[in-house]
Amino acid sequence: MKKPLYALTALAMIGAAPAFANVETYNVTLTFYEPDTQPRDTIFNGTFDFDELTHTVSNLQGMLSESMTGDPGVPGPNGDYGMTWLMLGNQMVSWYDAALGGTFAATFKNANTNTFTTLFGGDGWSPAAGIAAGGVFYGFPSAGANPGNAYALIFVPDDPLAMLNQAQIDKLAYADCAPGGMMGAVCMTGTTIAGYGAIGTMSGYPVSQLITAAVPEPETYAMLLAGLGLVGWAVRRRKI
C-alpha cells in the first residue's frame, strides 16, 4: 500500500526543519569610538540566536577588544593593532523594551554579572550602575578582589536586520574590568550622554551596530535538499 503523500511530506519537513525554524542565528558587530586610544577602538564581534516569535535573544557570545592594548603604530596582520581580545561567553541578562522596539542582551566574561562596585548601590553591572560608581571595579577597595569581569550590551530590533536609529545606538554599552581595560581602580566603559547621562570613562561611546544573518552550516543545506528531494519523490510516486 502506498504511503499517504502527507506522511512523506511531513518526514521531509522534519528533515528540513532547521531552515524553517523560528530561531535564527545572527552575527553582530558593535563599534565604540575611543578618542584616547586612536586608531584603536573597542569592538565586539559576536553571534546570537533570535526567536522572531517571542523576541528572545539567546546564546549571545563573542570577543571584545581592549583598545588600551596593542600598538597604535603597527596595524598587524588582522588590522586590529595587536589588541588583546576577551572572550565573552556568558549571556546573563536580557529584556524586551517596547518603547525602543527590540530586545537588549548582555554577555559577560565571567559566569556572573559582578562588574562594578556596589558600595553606592545598584545592580553591579548595568551602564547606569557603572556611571553611579564612577566605573570603579567590583570588590573595591581591594585590588585582589576585582573579578576582572567585562561585558557587551547589544540591542536586537524586532526586525533583526533593520538598521538601528540613534536612540537605539545610544543605549549600547560595554565595560571592561579585566587587566587590559583597567585605569587604576576604574574600568574602561563605553556609554552615551543621551542614553545614560555620561560618556565612557575614557570618553568612549557607541557609534554603530551591524547585524547580519549567519551563513547556514553545510549540513543544514544537505538536510534541506534531502527533504525537498523526498517531497519530489513522493509527488512522482503519487502520479504513478
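Every read-out reported here was derived from the displayed coordinates using simple, explicitly stated rules and does not represent laboratory data. As the structure is a computational prediction, the values presented were derived from the model and not from experiment. Note that each Cβ is placed from the backbone with ideal geometry, even for glycine, and that neighbours are counted across all protein chains shown.
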request  = Mind putting a number on the dipole of region 22-218 about its Cα centre? Charges go on the C-beta only, +1 for Lys and Arg and -1 for Asp and Glu, and I need it in Debye to the nearest 20.
outcome  = 520 debye
query = Considering amide H positions built from the backbone, and no H for Pro or chain starts, which residues 5 or more places from L88, or on another chain, come under 5 Å of its amide H?
reply = G62, M63, L64
ask   = For M87 and D158, what does the FRET efficiency come to when R0 = 41 Å and r is the distance between their Cβ atoms, rounded to the nearest 0.05?
value = 0.90
query = Under a 5 Å amide H to amide H cut-off, with H placed in plane at 1.01 Å, what residues pair with F116 once short-range neighbours are removed?
reply = W125, Y138
query = Sequence-distant or interchain residues sharing an amide H contact under 5 Å with N149, placed H: which?
reply = C177
